[in-house]
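Here is the structure we will look at.
The values are calculated or read from the model by the stated rules, or taken from the named source; none is laboratory data. Computed from a predicted structure; not experimentally measured. Every residue, glycine among them, receives a Cβ derived from its backbone with ideal geometry; neighbour counts consider all protein chains shown.
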Amino acid sequence: MRVGALIREARASATSQPVPSIITILMIAGMMIAVMLTTGRSVGAEQRVLGSIDDAGTRTIQVRAEVSAGLTADVLDRIAEIDGIEWAAGFSSATDATNTAIPDGTRVPVRLAFGAHLERLGIPEQSPVPGGVAYASEVAFAQFGLPDVAGSITTSTGSTYGMAGTLQTPDFLKGFEPVTLVPQPDATGSETVNVLVVIADRPDLVAPVSDAVLSVLAVDDPTKVTIHTSEALAQLRAIVQTQLGTFARGLVLIILAITGILVGIILYGLVTLRRKDFGRRRALGATRLLIVGLLLTQTAMLALTGLIVGIAVSFAVLLANGDPSPGLEFTAATSILAIGTALIAALIPALIAARREPIRELRVP
Amino acid sequence: MEAVLQARGLTFGYGHDAPPILESWSATFGGGAMTALTGSSGRGKSTLLYLLGLMLQPTAGEVVLDGTAVSGLKDATKARLRAERFGFVFQDAALDSSRSVIDNVTETALYRGASRRDAIARGRDLLDRFGVDVPAARRPGQVSGGQAQRIALCRALVSSPRVLLADEPTGNLDPATSDVVVRALRDHAATGATVIVVTHSPDVAAACDEEIGL
């Protein structure tokens, strides 16, 4: 039988048995609603909590090196070879600078910035103006006395930089405030670096990435280097994730198991009611495999309908209550599990239907 | 006359302890012939028909189709043979009440993997030929018994089967409708197919080329 014909037959079979079909759809929809409003809501909350922890910088590794330690900008080339790193940049020690127009103005620290991806800080890859430029945070601009975010600054060493834009100060640079950075796209690698910031791909990679970064620092005096990580926060994150995840998985499995058993019972009843139908099909040439395929296709269609109803209702309820939604990944995974559960539950009734002798079934009154 | 279907020493009984209904039964059915299986109730006429139609497995003996022993084949192969080479008319029509008339007629063609469009065209031709004057979308529950049996006949013929097996096809029909059904069976035999009819009707038996009593 062709696939189109199989789907048409499955749809016709489902509509010819409206009561068990509707019950099956409601079972799957109910299961989905139960999962989404319990575990799904927990997952949504978990994602919020973890997001908050992540915002606190769980993945950040900060290396501080005294000038005499001998840490240079070429360390970034070596760090680029390490797996599990999302971003890295180096910063020189601070030099005081003032608004060029106000030489006696407030002194604000300025640092040279090294790295290939400074766009993360709001520094464009290509400088908008020729010559040396600087980028400052709003706080720094205010202290320079440049409320219009324009002008130039001069350092205590006599270098002058035009102000090219505002920095987006991430959490890991908040400690530098007021922040003013001078990007060094043409750095030779021999420039001295005072602070190195490395962000790991995942919180659980903080410890191994820290070890790897330490191994490639190539400093003259390791005793003048200190490393600060958020490993404790990362561990807390892992504990939160494990605790909530274990609870959520357990609840989903219980709900899936109950639904699977109920769907199996319904389909067994449906198979028993339709003995004559299956007998006729077998007598007329339907193979056992086709009977199994027909019931499984029918179940998949009912499960899919139930899923759509369940997901729509769940999201409506979550939205109405202002609760966190679990997101696409969780919803897709749960949907696949639900359809898989329904198909497994349908397999035994389908095999029973397929194993019966056609003519004995046809003779059922 | 070439032998299309043969029963060689067929033995069958329902259950292990029950005496066999058929024991070492043999017969040969030729192409282009219509054969009546007659006898009183309980003698195994329908059982024999279903054994010949590969719906029951004989406890001994074999069914041979066009020179090939087929009763011992795998279940899937026998199912395909039922769809491709056999046509069945059951006593109570055995239509699917949830499907339309045309869906019932085309059911066997779909198991063969034939195109739905071709099957529907052939089904409509057959419905016209047998005077089933109801909309094709109507359900079997909305037609008369005579029309239902003619629809079942259309379903059996839609695949132009090599062997047509009919189990008391006129049992519940008025004489006029019985004549239509018997004529259709005869016409199909005339195409070179083998037609085997289980019947209690002397008129139907008289219309056959051969009568085998059980």
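Restricting segment B:94-117 to residues that are assigned to a loop (DSSP other than H, G, I, E, B) and not charged (D, E, K, R), which is nearest to the chain's Cα centre (by Cα)?
In the first step, residues of segment B:94-117 are kept if they are assigned to a loop (DSSP other than H, G, I, E, B); the result is B:94-100, B:112-115.
Adding the requirement that they be not charged (D, E, K, R) leaves B:94-95, B:97-98, B:100, B:113-115.
On the way: B:ALA94: 12, B:LEU95: 14, B:SER97: 20, B:SER98: 22, B:SER100: 21, B:GLY113: 20, B:ALA114: 20, B:SER115: 22 Å.
Taking the candidates together, the pick is B:ALA94.
Could you give me the residue pairs with C-beta distances under 8 Å whose first residue belongs to segment A:1-23 and is free of Cβ contacts under 8 Å to residues at least 12 places away in the same chain, whose second residue is part of a helix (DSSP H, G or I) and crowded, with 18+ Cβ neighbours inside 10 Å wherever it lies, and which are 6+ apart or on separate chains?
Sorted first by the residue in segment A:1-23, then by its partner, the pairs are A:ARG2/B:LEU110; A:ALA5/B:LEU110; A:ALA12/B:ASP103; A:THR15/A:SER21.
Residues that are modelled with pLDDT of 90 or more, closer than 13 Å to A:LEU181 by Cα and of a type in the set (Gly, Ala, Ser): does segment A:118-128 have at least one?
no
Please verify whether segment A:284-299 includes one or more residues that are of a type outside the set (Ser, Thr, Tyr) and touching a strand residue (DSSP E or B) at 6+ places or on another chain (Cβ under 9 Å). Steps first, please.
So the first thing to find is which residues in segment A:284-299 are of a type outside the set (Ser, Thr, Tyr), and the list is A:284-286, A:288-296, A:298.
Next cut, touching a strand residue (DSSP E or B) at 6+ places or on another chain (Cβ under 9 Å) only: A:284-285.
The answer is yes, given that some residue of segment A:284-299 is of a type outside the set (Ser, Thr, Tyr) and touching a strand residue (DSSP E or B) at 6+ places or on another chain (Cβ under 9 Å).
Kindly state which strands (runs of 3 or more DSSP E) lie completely within segment A:97-194 and contain at least 3 residues that are more than 30 Å from A:SER230 (Cα to Cα).
Working: elements: A:108-114, A:133-136, A:152-155, A:160-166, A:180-183.
Because the criterion is at least 3 residues that are more than 30 Å from A:SER230 (Cα to Cα), the strands (runs of 3 or more DSSP E) in segment A:97-194 that meet it are A:152-155, A:160-166.
Looking at segment A:203-220 only, could you name the residues that are out of contact with any strand residue (DSSP E or B) (no Cβ under 9 Å at 6 or more places or on another chain), under 22 Å from A:ALA69 (Cβ atoms) and at pLDDT below 85? Spell out the reasoning first.
Taking segment A:203-220 first, the residues out of contact with any strand residue (DSSP E or B) (no Cβ under 9 Å at 6 or more places or on another chain) are A:203-204, A:211, A:215-216, A:220.
Filter again for under 22 Å from A:ALA69 (Cβ atoms), leaving A:211, A:215-216, A:220.
Answer for segment A:203-220, where residues must be out of contact with any strand residue (DSSP E or B) (no Cβ under 9 Å at 6 or more places or on another chain), under 22 Å from A:ALA69 (Cβ atoms) and at pLDDT below 85: just A:ASP220.
How many residues are touching a Pro at 6+ places or on another chain (Cβ under 7 Å) and within 19 Å of B:VAL70 (Cα to Cα) when one looks only at segment B:1-50? Lay out the reasoning, then the answer.
Keep residues of segment B:1-50 that are touching a Pro at 6+ places or on another chain (Cβ under 7 Å), which gives B:10-13.
Subsequent filtering for residues that are within 19 Å of B:VAL70 (Cα to Cα) retains B:10-12.
Qualifying residue count for the region: 3.
Kindly indicate which of A:LEU302, A:LEU273, A:LEU284 is crowded, with 23+ Cβ neighbours inside 10 Å, of a type in the set (A, V, I, L, M, F, W, C) and either farther than 16 Å from A:ALA345 by Cβ or not assigned by TED's automatic domain parsing to the domain that holds A:VAL35 (or both).
Of the residues listed, the single one that is crowded, with 23+ Cβ neighbours inside 10 Å, of a type in the set (A, V, I, L, M, F, W, C) and either farther than 16 Å from A:ALA345 by Cβ or not assigned by TED's automatic domain parsing to the domain that holds A:VAL35 (or both) is A:LEU284.
From B:VAL180, B:VAL198, B:VAL158, grab the single residue that is in contact with a helix residue (DSSP H, G or I) (Cβ under 6 Å, 6 or more places away or on another chain), in contact (Cβ under 8 Å) with a residue 24 or more places away in the chain and farther than 17 Å from B:ILE102 by Cβ. Spell out how you get there, then give the answer.
On the way: B:VAL180 fails: in contact with a helix residue (DSSP H, G or I) (Cβ under 6 Å, 6 or more places away or on another chain); B:VAL158 fails: farther than 17 Å from B:ILE102 by Cβ.
One residue alone meets the criteria, B:VAL198.
In this structure, does A:ARG111 turn out to be under 30 Å from A:THR58 (Cα atoms) and either surrounded by fewer than 20 Cβ atoms within 10 Å (Cβ to Cβ) or without any contact (Cβ under 8 Å) to a residue 12 or more places away in the chain (or both)? Give the steps one after another, and end with the answer.
Details: under 30 Å from A:THR58 (Cα atoms): yes; either surrounded by fewer than 20 Cβ atoms within 10 Å (Cβ to Cβ) or without any contact (Cβ under 8 Å) to a residue 12 or more places away in the chain (or both): no.
Criteria not met by A:ARG111.
Considering each of A:ALA65, A:ALA101, A:ALA94 in turn, give the residue that is aliphatic (A, V, I, L, M) and either closer than 13 Å to A:LEU196 by Cβ or crowded, with 20+ Cβ neighbours inside 10 Å (or both). I'd like the intermediate steps shown before the answer.
Working: A:ALA101 fails: either closer than 13 Å to A:LEU196 by Cβ or crowded, with 20+ Cβ neighbours inside 10 Å (or both); A:ALA94 fails: either closer than 13 Å to A:LEU196 by Cβ or crowded, with 20+ Cβ neighbours inside 10 Å (or both).
Exactly one residue qualifies, and that residue is A:ALA65.
Run A:GLU86 past the list (1) in the same structural domain as A:LEU251 (by TED's automatic domain parsing); (2) under 22 Å from the mean Cα position of the chain (by Cα); (3) surrounded by fewer than 20 Cβ atoms within 10 Å (Cβ to Cβ) and report the number of the one that doesn't hold.
Among (1) in the same structural domain as A:LEU251 (by TED's automatic domain parsing); (2) under 22 Å from the mean Cα position of the chain (by Cα); (3) surrounded by fewer than 20 Cβ atoms within 10 Å (Cβ to Cβ), A:GLU86 violates only (1).
Would you mind finding the one in B:ALA136, B:ALA148, B:ALA205 that is away from every other protein chain (no Cβ under 13 Å), among the aliphatic types (A, V, I, L, M), in a loop (DSSP other than H, G, I, E, B) and touching a residue at least 24 places away in the same chain (Cβ under 8 Å)? Even if it seems obvious, please write down each step before you answer.
Details: B:ALA148 fails: in a loop (DSSP other than H, G, I, E, B); B:ALA205 fails: in a loop (DSSP other than H, G, I, E, B).
Criteria check complete, one pass: B:ALA136.
Among residues belonging to segment B:165-183 that are at pLDDT below 90 and hydrophobic (A, V, I, L, M, F, W, C), point out the one that is surrounded by the fewest Cβ atoms within 10 Å (Cβ to Cβ).
So the residue we want is B:ALA176.
Residues are listed down the side, and each one gets a yes or a no for (1) part of a strand (DSSP E or B); (2) in the same structural domain as A:ALA89 (by TED's automatic domain parsing); (3) out of contact with any Asp or Glu (no Cβ under 8 Å at 6 or more places or on another chain):
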{"position": "A:THR24", "(1), (2), (3)": "no, no, yes"}
{"position": "A:MET27", "(1), (2), (3)": "no, no, yes"}
{"position": "A:VAL35", "(1), (2), (3)": "no, no, yes"}
{"position": "A:ARG64", "(1), (2), (3)": "yes, yes, yes"}
{"position": "A:SER68", "(1), (2), (3)": "no, yes, no"}
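Identify all residues within segment A:193-207 that are touching a residue at least 60 places away in the same chain (Cβ under 8 Å), of a type outside the set (Gly, Ala, Ser) and either under 12 Å from A:GLN62 (Cβ atoms) or crowded, with 17+ Cβ neighbours inside 10 Å (or both); write none if there are none.
So in segment A:193-207, the residues touching a residue at least 60 places away in the same chain (Cβ under 8 Å) come out as A:193-203, A:205-206.
From what is left, the residues that are of a type outside the set (Gly, Ala, Ser) are A:193-199, A:201-203, A:205-206.
A:VAL193, A:ASN194, A:VAL195, A:LEU196, A:VAL197, A:VAL198, A:ILE199, A:PRO203, A:LEU205, A:VAL206 - these are the residues of segment A:193-207 that are touching a residue at least 60 places away in the same chain (Cβ under 8 Å), of a type outside the set (Gly, Ala, Ser) and either under 12 Å from A:GLN62 (Cβ atoms) or crowded, with 17+ Cβ neighbours inside 10 Å (or both).
Can you find a residue in segment B:30-43 that is buried (at least 24 other Cβ atoms within 10 Å of the Cβ), part of a loop (DSSP other than H, G, I, E, B) and modelled with pLDDT of 90 or more?
Checked segment B:30-43: no residue is buried (at least 24 other Cβ atoms within 10 Å of the Cβ), part of a loop (DSSP other than H, G, I, E, B) and modelled with pLDDT of 90 or more.
Which residue is nearest to the other protein chains (Cβ to nearest Cβ), if the candidates are limited to segment B:52-93 and must be aliphatic (A, V, I, L, M) and assigned to a helix (DSSP H, G or I)?
First pass over segment B:52-93, keeping only residues aliphatic (A, V, I, L, M): B:52, B:54-56, B:60, B:63-65, B:69-70, B:73, B:76, B:79, B:81, B:83, B:89, B:93.
Filter once more, so that each one left must be assigned to a helix (DSSP H, G or I): B:52, B:76, B:79, B:81, B:83.
Values: B:LEU52: 12, B:ALA76: 5, B:ALA79: 4, B:LEU81: 8, B:ALA83: 2 Å.
Once the filter is applied, the top-ranked residue is B:ALA83.
What about B:LYS78, is it of a type in the set (Lys, Arg) and touching a residue at least 24 places away in the same chain (Cβ under 8 Å)?
Numbers: of a type in the set (Lys, Arg): yes; touching a residue at least 24 places away in the same chain (Cβ under 8 Å): yes.
It is true that B:LYS78 is of a type in the set (Lys, Arg) and touching a residue at least 24 places away in the same chain (Cβ under 8 Å).
From the list A:PRO365, A:PRO324, exactly one residue is in a loop (DSSP other than H, G, I, E, B), within 21 Å of B:SER97 (Cα to Cα) and either at pLDDT below 90 or in the same structural domain as A:ILE33 (by TED's automatic domain parsing) (or both). Which is it?
Details: A:PRO324 fails: within 21 Å of B:SER97 (Cα to Cα).
Checking each option against the conditions leaves just A:PRO365.
Regarding segment A:39-62, can at least one residue be identified that is away from every other protein chain (no Cβ under 14 Å), in a loop (DSSP other than H, G, I, E, B), surrounded by fewer than 17 Cβ atoms within 10 Å (Cβ to Cβ) and of a type in the set (Asp, Glu)?
The initial filter retains those residues of segment A:39-62 that are away from every other protein chain (no Cβ under 14 Å), namely A:39-62.
Now narrow it down to the ones that are in a loop (DSSP other than H, G, I, E, B): A:56-59.
Narrowing further to those that are surrounded by fewer than 17 Cβ atoms within 10 Å (Cβ to Cβ): A:56.
Checking which are of a type in the set (Asp, Glu) leaves us with none.
No, segment A:39-62 has no match at all.
Determine if segment B:164-183 includes at least one residue that is within 13 Å of chain A (Cβ to nearest Cβ) and among the basic types (Lys, Arg).
No; the residues of segment B:164-183 include none that is within 13 Å of chain A (Cβ to nearest Cβ) and among the basic types (Lys, Arg).
From the list B:ALA36, B:ALA121, which residue is free of Cβ contacts under 8 Å to residues at least 24 places away in the same chain and away from chain A (no Cβ under 14 Å)? Let's see the steps before the verdict.
Numbers: B:ALA36 fails: free of Cβ contacts under 8 Å to residues at least 24 places away in the same chain.
Exactly one of B:ALA36, B:ALA121 is free of Cβ contacts under 8 Å to residues at least 24 places away in the same chain and away from chain A (no Cβ under 14 Å), namely B:ALA121.
Out of all the residues in segment A:284-295, is one or more more than 17 Å from A:LEU6 (Cβ to Cβ) and away from every other protein chain (no Cβ under 12 Å)? Break it down stepwise before answering.
Start the filter on segment A:284-295 by keeping residues that are more than 17 Å from A:LEU6 (Cβ to Cβ), which leaves none.
Checked against the condition, which is being more than 17 Å from A:LEU6 (Cβ to Cβ) and away from every other protein chain (no Cβ under 12 Å), segment A:284-295 yields no hits at all.
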